[in-house]
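Let me begin by presenting the structure, written as structure tokens, before commenting on it.
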Amino acid sequence: MTFHDILAWIGLALAAVVMFDGVTTYTRSTSTGSARWLDVGRGSATMLWQQFGLMIAGTVAGMDKIVDFVTGLAGDTAADAAIKSAIGSWFTPTTAAIALAAYASITVAARMRTMGRK
């Protein structure tokens with residue numbers, strides 16, 4: 001098992017924990033409407049956004065492991081290579097940088113809103 005494999009499994013585990021916590025908190029919430037989502041973020045939209053980011057990052061980090069698992073169930077190794085190639089063409093360093101910049105911009109805007117700045 002390589003270092004990349006270890007990081008991928010940690011990312012998937014992190015995504016699973018955040019997703020499980022979010023679902024259980026949402027279903028146990030006694031609030032109504034969008035207040036249920038704020039309960040998932042412990043009363044903070046910024047925290048909810050950060051949890052969403054952790055879930056997405058963990059899933060993307062383990063994307064190749066997910067592909068291995070799904071194609072292994074189907075027994076289709078040709079599809080494995082094709083899917084990994086497609087993922088590799090979409091997830092380039094440039095797209096990662098653009099996604100990170102967009103994510104950071106939303107986080108900064110949300111934080112400035114809670115700090116009373118505009």
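Each value in this text was obtained by applying a stated rule to the coordinates, not by laboratory testing. Please read all numbers here as calculations on a predicted model, not as lab measurements. Here the Cβ positions follow ideal geometry from the backbone for every residue, glycine too, while neighbour counts run over all protein chains shown.
Here are the numbers for the structure shown:
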| item | result |
| --- | --- |
| Net charge, Asp39 excluded, C-beta distance under 13 Å - Lys, Arg +1, Asp, Glu -1 | +2 |
| Calculated Cα extents along the principal axes in Å (choose from (1) 60, 38, 31; (2) 52, 34, 25; (3) 57, 25, 23), label | (2) |
| The range 3-114, dipole about Cα centre (Lys/Arg Cβ +1, Asp/Glu Cβ -1), debye to the nearest 20 | 580 |
| Full-extension gain in nm, Thr25 to Tyr103, via 0.36 nm per residue minus C-alpha separation | 25.7 nm |
| Estimated FRET transfer efficiency (Leu73, Thr2; beta-carbon r; R0 25 Å; 0.05) | 0.65 |
| Estimated D of the range 1-58 in µm² per second, where Rh is the Kirkwood radius over Cα pairs and Stokes-Einstein applies at 4 °C, 1.567 mPa s | 108 |
| Whole-Hz ³J(HN,Hα) from phi, Karplus 6.51 cos²θ - 1.76 cosθ + 1.60, for the range 47-63, glycine and proline x | 5, 4, 5, 5, 5, 4, x, 4, 5, 5, 4, x, 5, 5, 4, x, 4 |
